[in-house]
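The values are calculated or read from the model by the stated rules, or taken from the named source; none is laboratory data. The model shown is predicted, which means the values in this text are computed figures rather than measured ones. Note: ideal-geometry Cβ built from the backbone for every residue, glycine included; neighbour counts use all protein chains shown.
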Amino acid sequence: MTPKAMDAPPAVFRVADAWRGEWMGPSLFRRGGSTLHYVGPADAKALAAEAGAAATGVVTLPGVLLPGFTDHHVHLQLLSAPGGQAAPAAPSVSGGAGAPGAPVSALESLAEGGFSRVIDLGGSPDALALLAKPDPFSPAVEFAGAFLTAPGGYPSDRAWAPPGSWREVASADDAELAVTEQLSAGASRIKIVLHADAGPVWGDALLAEVVGVVRAAGIPVVAHVEGARQAARAIAAGVDVLAHAPFSEPLAEALIAQAVAQGQRWVSTLAIHDEPERAIAIENVRAFRAAGGQVLYGSDMGNGDQPLGVNPAELTALEQAGLDETAVLRALIGGFGRGRWKKRVTWLPDRPSSLGDLAGASSAPVADLEALAKRAASDT
């Protein structure tokens, strides 16, 4: 199947089950170009109507369809394709990881491992711009570009950090230039660093200036926070997303309530931690969710030895933090709405009986669903 398939006449698919914020049971979808549209329940009347209206009839697609899954925290330049694993790293976030490998091949493996979209949160903007070129059969790539950090700050002294993957910012004027550099490469968000345990960080005044510059550009601010009071500083500055659920210290109820009120979202990355940071992060996520906060699935892929796909260890940690199946699916899909049905969708052979089953998901191009149906039928 080639990209020309996207120009083929619309096809109608019947699936045994589908998830759109809840399980829908037998459902009909219509493919138009690179978008899949939910039609409704696959009852007898609807099947007859769709079969009569569509030139190709109704294609039975075995299995279960879900919107595309997203890993909201990866580092594509640190992925190594051989063996389907990322390069080894120190166990802590501050330890960093990996060495540049074969990110294009890794992207193909990520699709096979269930991801329709990945968000890179720190790398050379020039290298990431090449990986983010549209490809109907690879996961969509969005990126933040280089880490913006204080002079001498993390990760400027880390051996794993590729050239161009960090940008030191010393003033408000410098912040405007640094943000412009990332935007010109195609960045869709900006990542800032508040890692007080690994080097200098900006003072409150410059932090406010940097966040203001990003806010003026109309894109989200993502922050790596590590060390005492750094999560509180990020919340006070109005950061949109925390790249890691806070793990340095338990957060006070009032501070969590402030983060929720501001609409801040947290990317999970729970499984990368050893104790006691892991337990702290899990309890902070539990409190954040109880207050109404939104958690996004993220693995920090590239940091340590992780599968190139949905990580069972991250799913287990999310479950330990109190997320049920619906909450985990929302974290994977990236929101509370009906999800992404463009370009690629998630396919499972059956409705998952446990959260661990989600690690067996695969990402399918919308344009290739007919071929998937034929392959699935031939295997039965």
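Here are some notes:
- Subset of the stretch 272-298 that is under 27 Å from Arg158 (Cα atoms) and in contact with a Pro (Cβ under 9 Å, 6 or more places away or on another chain) - its residue that is surrounded by the most Cβ atoms within 10 Å (Cβ to Cβ): Ile272
- Take the conditions (1) modelled with pLDDT under 60; (2) within 27 Å of the chain's Cα centre (by Cα); (3) more than 21 Å from Ala376 (Cα to Cα); Thr2 misses just one of them, which is (3).
- Extreme residue, surrounded by the most Cβ atoms within 10 Å (Cβ to Cβ), among residues of the stretch 231-271 that are β-branched (Val, Ile, Thr) and farther than 22 Å from Ser188 by Cα: Ile256
Quick grid of which residues meet (1) in contact with a Phe, Trp or Tyr (Cβ under 6 Å, 6 or more places away or on another chain); (2) aromatic (Phe, Trp, Tyr):
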| residue | (1), (2) |
| --- | --- |
| Ala172 | no, no |
| Ala178 | no, no |
| Gly186 | no, no |
| Val193 | yes, no |
| Ala198 | yes, no |
| Trp202 | no, yes |
| Leu207 | no, no |
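- Gly145 being touching a helix residue (DSSP H, G or I) at 6+ places or on another chain (Cβ under 7 Å), crowded, with 23+ Cβ neighbours inside 10 Å and either without any contact (Cβ under 8 Å) to a residue 24 or more places away in the chain or part of a loop (DSSP other than H, G, I, E, B) (or both): yes
- In the stretch 323-331, the condition of being modelled with pLDDT of 90 or more, crowded, with 19+ Cβ neighbours inside 10 Å and more than 15 Å from the chain's Cα centre (by Cα) is met by at least one residue.
- Positions within the stretch 220-250 being farther than 22 Å from Ala271 by Cα and either without any contact (Cβ under 8 Å) to a residue 24 or more places away in the chain or not in a loop (DSSP other than H, G, I, E, B) (or both), in sequence order: Val221, Ala232, Arg233, Ala234, Ile235, Ala236, Ala237
- Number of positions in the stretch 128-156 that are more than 28 Å from Pro67 (Cα to Cα) and either more than 20 Å from the chain's Cα centre (by Cα) or aliphatic (A, V, I, L, M) (or both): 10
- Count of the stretch 5-33 residues which are modelled with pLDDT of 85 or more and either closer than 16 Å to Ala373 by Cβ or of a type in the set (S, T, N, Q) (or both): 14
- Where helices (runs of 4 or more DSSP H) fall wholly inside the stretch 36-138, the ranges with 3 or more residues that are modelled with pLDDT of 90 or more and under 26 Å from Gly334 (Cβ atoms) are 103-112, 125-131.
- When the residues of the stretch 158-211 are filtered to those that are in a loop (DSSP other than H, G, I, E, B) and polar (S, T, N, Q), the one that is surrounded by the fewest Cβ atoms within 10 Å (Cβ to Cβ) is Ser171.
- Gly309 falls short on exactly one of the conditions (1) within 30 Å of Gly33 (Cβ to Cβ); (2) of a type outside the set (Lys, Arg); (3) assigned to a helix (DSSP H, G or I); (4) under 15 Å from the mean Cα position of the chain (by Cα), and that condition is (3).
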